[in-house]
Amino acid sequence: MRNLLYIILLAITMALAGCASEGADDAALSDSEYTEATAMSVHLAEPERALTIIDSAVIVGNLSRPRAEYLKAVTQYGGLDNMPLARQTCLDLLEHKEALTDTLTLEQTYILLASIEKSSCNYAAVIRYATEASRLAHASGRYHVVGKMEGYIAHAQALTGHTNEGIDRLQGVIEELRQMNNFDGVTSYHSASKNLLHILNDNGRFDEMVNVCEAMLSCYDELEQHPERFSIDKEGFDPAEFVDFARGQTLAFLTIAYAEQGNIAKGLEAEDAVFRTRWSQSPDCDLMLVSAYHRLGQFDRFDQAMDRIDAEMIARGDTLNANYYTGLQLRSVAAEMRGRYADALHYTHRASVIQDSLEYYNQREQLNELATVYHLQEERLARQQKESEARTYRIVAVGTMLLLLLTAFILWRVHRDNRLLTEKNRRLYQLYNEHEEHKEQGGEDPVGAEADAQHPSFNVQLYERLCTLMEDPAVFTDPNANHETLARLVGTNYKYVYDALHECADTTPSDFINHYRIRHAAALLTTTDQPVGLIADECGIASRPTFNRLFREHYSMTPTEYRNAAEQTFVTV
């Protein structure tokens, strides 16, 4: 209930803020930017509150649905530390990416997915998502993103057995960024180069690390000596401060490379250069150089750095991590080398406790991740089942509607045909009755033949219609033609067909049809060379004996004899 009230109050506040912002200075943040900044400012410390802000912003229209889903994924990943849920939110968003017009949100979604899969050690997915993010960032001119994503790709390729391919690709990007004389290009160059140095360090390629560091230092010397060559398009950017930061980190990498090579003199020289930068006072310097102090034999400086790292991690409550475990191991080795065996045992014991805790924590995280994946899978299956049921209901509804429409159409056609047939029969029956009444009243027609010619009887009219109908061979060549066919074609009852044929031609419907079939067959016998059996089929008489019998009844000879007689007549003529 309290959350609901909070949402309502927040929605009202946003709406009032939106009204108050009308006519404000163009430099002021928009409602969407303000809402997003507010949510992201608390998403790590108060993730539930951040999600509430995001949902409220969607309700009042300050955030689009896709943008809100992306911000939710960021909160789920960073604030709730729930990678499966954040991954699923991003994948759901990408399912409708064709309709997503906000390319920045699409790019950031791919970046977040690449980070999630990097944390999950799913390197094939890292390459896939980082490649998409790099492509979009390159098209929009966001080169710092290009450098970061290409670093992701190269690192993933190195971990999947394609180290040289990843390094070559990253070096090509670094060379392109090196040519950009602006803030974004230089900072992106530094970021991408750091990624390359990490990969080279992990693979023991320390000579190449030295070459990369020297090229980076040359770039920073040029920037320091000629700052006018670089356009600064970021407010508050200080080239001198950036050069100090970049040079300090690069010298730290150079120190590590020399230390790993065993080149103590150059390692100490590079280390002294690091401490001439202001960056050396940052905790990052201790984290980077602690292993180099150990290799260079500077145990006093090593102990001091480890004490500072210990104090900071303990203050943050962040001692349960692999870096802290590695540091304790190094402290144990350093203490043993200095003959301080009690300290070495103490650090070994602490490292063992951290290792056990890390294993338990990792197992618990794996179980939590499996539970989340299972829950998400259940939700997806339930959603798919509901969608399938809704789709089935729609199909059934549409099918039922179509069936009803078809039934209604058939009923209408049957009704119409029956009505027309009834009307025709009514008219024919009326004519028939008039004819019968006339015969009963007057006997023979007093008007005579002329009247008969002018007013033919019903049966005569019907017979004439039947004869006209039979002028079309398609009627009588149909093997299934019968009295019902004739009645249907002339639009009357088959009883009237019987009566008309009997009165006017003294024949039956079957003989009437066969008469035209045999006459048609006689014409084909004298005008074509087709076999007799084929002619019988074409005339609608499937049985050869029946055809021969009917032909003999009409012409007193067989079909073959009829053809031969016709041929002899033609020759004689």
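The values are calculated or read from the model by the stated rules, or taken from the named source; none is laboratory data. It should be emphasised that the depicted structure is a prediction, and the values quoted were computed from it without experimental measurement. Note that each Cβ is placed from the backbone with ideal geometry, even for glycine, and that neighbours are counted across all protein chains shown.
Residues that are exposed (fewer than 15 other Cβ atoms within 10 Å of the Cβ) and either at pLDDT below 90 or hydrophobic (A, V, I, L, M, F, W, C) (or both) were ranked within segment 252-274; the one that is farthest from the chain's Cα centre (by Cα) is 265. Of the helices (runs of 4 or more DSSP H) entirely within segment 142-235, none holds at least 3 residues that are touching a Pro at 6+ places or on another chain (Cβ under 9 Å) and small (Gly, Ala, Ser). Within segment 513-537, residues that are free of Cβ contacts under 8 Å to residues at least 12 places away in the same chain sit with their Cβ atoms under 8 Å from residues that are of a type in the set (Lys, Arg) and surrounded by 13 or more Cβ atoms within 10 Å (Cβ to Cβ), at 6+ positions apart or across chains, in these pairs: 533/544.
A Cβ distance below 8 Å, combined with a sequence gap of six or more or placement on separate chains, defines the contacts here; from segment 335-347, residues that are outside any helix (DSSP H, G or I) reach residues that are surrounded by 12 or more Cβ atoms within 10 Å (Cβ to Cβ) in the pairs 338/299. Based on what the data block shows, is residue 144 surrounded by fewer than 18 Cβ atoms within 10 Å (Cβ to Cβ) and either in contact with a strand residue (DSSP E or B) (Cβ under 8 Å, 6 or more places away or on another chain) or at negative phi (or both)? Against the criterion (surrounded by fewer than 18 Cβ atoms within 10 Å (Cβ to Cβ) and either in contact with a strand residue (DSSP E or B) (Cβ under 8 Å, 6 or more places away or on another chain) or at negative phi (or both)), residue 144 does not qualify. Going through (1) in a helix (DSSP H, G or I); (2) modelled with pLDDT under 75 one by one, residue 311 falls short only on (2). Being under 29 Å from residue 270 (Cα atoms) and buried (at least 18 other Cβ atoms within 10 Å of the Cβ) is a description that does not apply to residue 322. Could you tell me how many of the residues in segment 536-570 are closer than 18 Å to residue 511 by Cβ, assigned to a helix (DSSP H, G or I) and among the hydroxyl-bearing types (Ser, Thr, Tyr)? Matching residues across segment 536-570 total 2.
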